[in-house]
Every structure is written in structure tokens, then in C-alpha cells.
Amino acid sequence: MIKSRRRNAAIPMASMSDIAFLLIIFFITSMSFLYRQGLKLSLPKRDAAPVVMPASSILTLALDSKGALTKNGKPVSLSGIDLQKESAAIIRVDPACPYKYLVALIEALQQHDITKISVKPLVLSFNHAEDRYYAFRQEGKTT
Amino acid sequence: MISLRRRRKIDIPVVAMADIAFLLLIFLMVTSMSSPAKSKQLQLPLVQRAEKVKMKKSQDIFIAKDGSYYYDNKQASLDLLEERFSGLSEASRNAIVFIHGDEDTPYRFIDGVLRMLQDCRIQRCVFVTKKRDNGNPPRESL
């Protein structure tokens, strides 16, 4: 007669649960790398027809080379942008203006629900001869 | 005299070693996935509220303070970027470009990229920012 010897196969549950938790932590942390955060832009097509709006609904702002903000030639602060019934904005930006000031201004305008923004370089060169129009889109809103 | 030598049985805890090996593996994987902007020493602009955008069918452009462009971990000219991006919108309508600009980059370099994207018929892009927290002081007033 042949005797079969069965080994007692014990599954180490404690270490298995350790590894399961480790894998969960890994997936949770790696999920955060699937997203980036920032300001979403929707650029217009090159051949898109110009958007015509009444002048009273357009806010005109300018950023100089040092990032100082002016409205109709008068200096204003980000919190001091007084909105009447404007629903769009034109920002004239000096080509030397640090990018952070433009981002801060766009964020402030978005907080005021202004999502149609045109950005124009303040000094026109042959490269910047035509006007630019960027429509910035917020979630749930169409431009 | 008879010396009693007691040999201790050496027992290597394989289970615990496997645990530690996995921990190290995960640690190395997570640390190697650091932010690409950090690796290029870019200071992203700070914002109070930023949207989360999924990195699906996305491309990244990095713009340094001195105006140099980086794509695919290499320095690139605008012409080269245009060449790379020209077929992107045709390949996928949902193509999205993440623009990682240093906060002190002069605007003309950002404008150059936006114009290039328009020429390539790419409509969706994102100014990548960093969320301001308590550790980051508020931006100096404009």
C-alpha cells in the first residue's frame, strides 16, 4: 500500500493582507498621477468668425511688463476689478509680463464668471500682428 | 569536560522579507513618478482654485524662465513642436496639451506656444498650475 503524505498547506493570511493593503496604497497614490490641475482653455479656430459683442459688455484690462494691472489706463488691483455688466474681457499683455500675472488675472476673471477672454500682446510686432481670442472654459459652461 | 554547544537554528523570515521587498518596490515606484515640472525646476504659477484635468491623450510642453521649450524631455524649437503637433488634432479630436510654464516666463513665449497650437488646429489646452496652500504665501498684489 502506498501512503500519500499530504503537507499541511498553510496560507499566511497576515502577510497576504499586508500585501493587499500595500497594493491598495500603491493604486491610490498612483491614481493622483493621472490628473493635472490648471486652467482649462479652449482655443478658437484660426478661421473662426470674429465674435461681435456690445462694447459695454467688454472689460478692457492691461498688464504691463512688471505685471501691474490697469483698467482704462488707471491702476487697479485684482480685487478691485469692478464689474458692472461685463461678460467678456480683453487683456492687453506686455510681451515681457511674467506669466504668473496673466494666470492670476484669468483666475480672478473666472471667479467673476467671465469666461470669454481675449488676450492681445500690448506691443504689436510682425509676429503678433493679428488679434488673439482665447475662450477660457470652465466646467459645465460652454463658450 | 564536555562542552555543550547549542546550535541555534537560523530561520530566515521569508514572509516578512517579502513584505519589506514590496514596500521598497512601491516606495521606489512612487518616488520615481515625481512631477515632471519639478524635475525641470519650474515654478508653476500658484492659484487658489484649479480644475483637475485627466491626462488622457495628452501631451506636455514645458517652458522655462528663459523661454526655452521642452518636449519629450528634450529641448525643442517652436518649429519642431509644430512639426510634432501638426498631426495631433487629426489623430484625436480630444487631444489636449498641458502647458507647464514657469511663473516668471515672459508672456511672449506662452503666446508663441498658443499660436503654434492654433496653427496645428489644437483647441484644448491647459495652463498647468499649482494650488496655493498655507505654505505658499499669497501672490503680491498686482
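Which residue is nearest to the other protein chains (Cβ to nearest Cβ), if the candidates are limited to segment B:49-73 and must be at negative phi and outside any strand (DSSP E or B)?
The extreme case among them is B:50.
Could you please give the count of residues in segment A:46-61 that are in contact (Cβ under 8 Å) with a residue 24 or more places away in the chain and either over 24 Å from residue B:117 (Cα atoms) or part of a helix (DSSP H, G or I) (or both)?
7
Looking at segment A:82-113, which of the residues that are part of a loop (DSSP other than H, G, I, E, B) and more than 10 Å from chain B (Cβ to nearest Cβ) is surrounded by the most Cβ atoms within 10 Å (Cβ to Cβ)?
By that ranking, first place goes to A:86.
Select, from A:46, A:132, A:36, the only residue that is surrounded by 15 or more Cβ atoms within 10 Å (Cβ to Cβ), within 9 Å of chain B (Cβ to nearest Cβ) and modelled with pLDDT under 80.
Only one candidate qualifies: A:132.
If we scan segment A:114-122, do we find a residue that is touching a strand residue (DSSP E or B) at 6+ places or on another chain (Cβ under 8 Å), closer than 19 Å to residue A:65 by Cα, at pLDDT below 80 and surrounded by 15 or more Cβ atoms within 10 Å (Cβ to Cβ)?
Checked against the condition, which is being touching a strand residue (DSSP E or B) at 6+ places or on another chain (Cβ under 8 Å), closer than 19 Å to residue A:65 by Cα, at pLDDT below 80 and surrounded by 15 or more Cβ atoms within 10 Å (Cβ to Cβ), segment A:114-122 yields at least one hit.
On the given criteria, is residue B:64 within 18 Å of the chain's Cα centre (by Cα), surrounded by 14 or more Cβ atoms within 10 Å (Cβ to Cβ) and farther than 23 Å from residue B:130 by Cα?
no
Mind checking which residues of segment B:74-98 are in a loop (DSSP other than H, G, I, E, B) and in contact with a helix residue (DSSP H, G or I) (Cβ under 7 Å, 6 or more places away or on another chain)?
B:95
Return the residues of segment B:14-56 that are of a type in the set (Lys, Arg) and either surrounded by 16 or more Cβ atoms within 10 Å (Cβ to Cβ) or modelled with pLDDT of 80 or more (or both); say none if nothing qualifies.
B:49, B:52, B:54
Could we say that residue A:64 is loosely packed, with under 12 Cβ neighbours inside 10 Å, acidic (Asp, Glu) and within 11 Å of another protein chain (Cβ to nearest Cβ) here?
So residue A:64 does not fit the description; no.
What's the number of the only condition in (1) within 12 Å of another protein chain (Cβ to nearest Cβ); (2) modelled with pLDDT of 85 or more that residue B:89 fails to meet?
Result: residue B:89 fails condition (2) only.
Filter segment A:67-81 down to the residues that are of a type in the set (A, V, I, L, M, F, W, C) and at pLDDT 80 or above, then identify the one that is surrounded by the most Cβ atoms within 10 Å (Cβ to Cβ).
A:69
The values are calculated or read from the model by the stated rules, or taken from the named source; none is laboratory data. Since this is a predicted model, take the numbers as computed values, not measurements. Cβ atoms come from the backbone with ideal geometry, glycine included; neighbour counts cover every protein chain shown.
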